[in-house]
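A short write-up of the structure that comes next.
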Amino acid sequence: MEAVMPDEKAMLQFWQARLDETAALAQAASEADPAPWTTDATDSGGTGIRNRGSGLVMAADGEPLWDCESSNSLCMTAPSARHVAAHDPDRALRHVAAARARLTQLADALAAGHDSYDLASTLLPLEILAWADHPDYRQEWRP
């Protein structure tokens, strides 16, 4: 049995840490606002113009995603509302559980070497690519 290479071990540890972070965020959100989350957004729902205000989440253009400043509810554009509802805590926790199972299988394949190693070493960089903007992500891991 071959040992997992140091860079692959670092990628596995990086992936595990991102899954732990995701699970912690989802668990905290689930405790604060029990899932499932839903939306009744329609294509005409929300507004196409985001007003400056007290947004909790900012878009890339620096504008808050919330567009109802005086409302006690979160008023978002329909696409943003659908995205938030689609990523409720229960779904995020299911994703983490599935990813952890894949992580275990890939780690086992890397340790086994041979054909399993070739497949695992190809898949591992793809599994962590979603976090390419994380400060701990290393550009040499990019597939």
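Net charge in the neighbourhood of residue 34 (other residues with Cβ under 13 Å of its Cβ; Lys, Arg +1, Asp, Glu -1) is -4.
For the peptides 21-34, 88-101, the ranking by mean Cβ contacts within 10 Å, running from highest to lowest, is 88-101, 21-34.
Say the dipole of region 94-143 comes from +1 at the beta carbon of Lys and Arg and -1 at that of Asp and Glu; which of 134, 121, 97 then lies farthest toward its positive end? Going by the Cα projections, it comes out as 97.
Quick note: the coordinates plus some simple rules give every number you see, no bench work behind them. Just so you know, these numbers come straight off a predicted model, no measurement behind them. Ideal geometry is used to build each Cβ from the backbone, glycine not excepted, and the neighbour counts take in all protein chains shown.
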